[in-house]
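Q: After the structure tokens below, expect a handful of questions from me.
The values are calculated or read from the model by the stated rules, or taken from the named source; none is laboratory data. Since the structure is predicted, the reported quantities are computational estimates derived from the model, not experimental observations. Virtual Cβ from ideal backbone geometry, glycine too; neighbours counted across all protein chains shown.
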Amino acid sequence: MISKLPVVCVKLFNRTNLLPLLLFAVLLNTSGCSDGRPARATVTGSISYNGKPLSIGSLVFIPIGGGPPAQGKVNREGIYEMGTYEEDDGVIPGDYKVMITALTSSGGSGLPEDTVKANAEPVSVIPEWYGDLEKSGLLVTVTADKANTIDFPLTDDKPKESVTKK
């Protein structure tokens, strides 16, 4: 019985039977495990303000050519990771305008545990122009098929022109 096993295998995997199997494998490989959404690239980085890590805040990438925006949240160490559909699923490759906001309560320390009181005005811990797409001067290019590390060293100096980061 064992000696007949190779003959059976050869009969099962002859050219006629192998072709459908190969086609199935190719289709399975090209379809992948995609979520049906555009391909995205990882985008992470750090945000500092006047040389110190920004410990609160959020940022938004708005695509220049249209499409879904991406957003990220700054952690206590000033690190962020961007997501388009999920919190950290990456950004569709392309060119983006960027806005960054970091709000705390009036008299707050700018730390994540600060709470904004219901009647208190939120206060920005960075210059407010960074929260305006047209005034921030921040442009980024997200590249496909690689991890993108984009750092934002913010200062009190208003940008004279747009700064593109790649």
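Q: Is it fair to say Leu5 is exposed (fewer than 10 other Cβ atoms within 10 Å of the Cβ) and either modelled with pLDDT under 95 or over 23 Å from Val125 (Cβ atoms) (or both)?
A: It is true that Leu5 is exposed (fewer than 10 other Cβ atoms within 10 Å of the Cβ) and either modelled with pLDDT under 95 or over 23 Å from Val125 (Cβ atoms) (or both).
Q: Being buried (at least 20 other Cβ atoms within 10 Å of the Cβ) and aromatic (Phe, Trp, Tyr) is the filter; apply it to segment 52-99 and report the residue that is nearest to Ala144 (Cα to Cα).
A: Tyr96
Q: Shifting gears a bit: So, Ile47, is that one surrounded by fewer than 19 Cβ atoms within 10 Å (Cβ to Cβ), at pLDDT 95 or above and not in a loop (DSSP other than H, G, I, E, B) or not?
A: So Ile47 fails the test.
Q: Further, regarding this structure: Which fully enclosed strands (runs of 3 or more DSSP E) of segment 60-116 have 3 or more residues being under 23 Å from Lys135 (Cα atoms) and modelled with pLDDT under 95?
A: none
Q: Tally up the residues in segment 123-159 that are more than 14 Å from the chain's Cα centre (by Cα), loosely packed, with under 14 Cβ neighbours inside 10 Å and not in a loop (DSSP other than H, G, I, E, B), please.
A: Going through segment 123-159 one residue at a time, the tally reaches 2.
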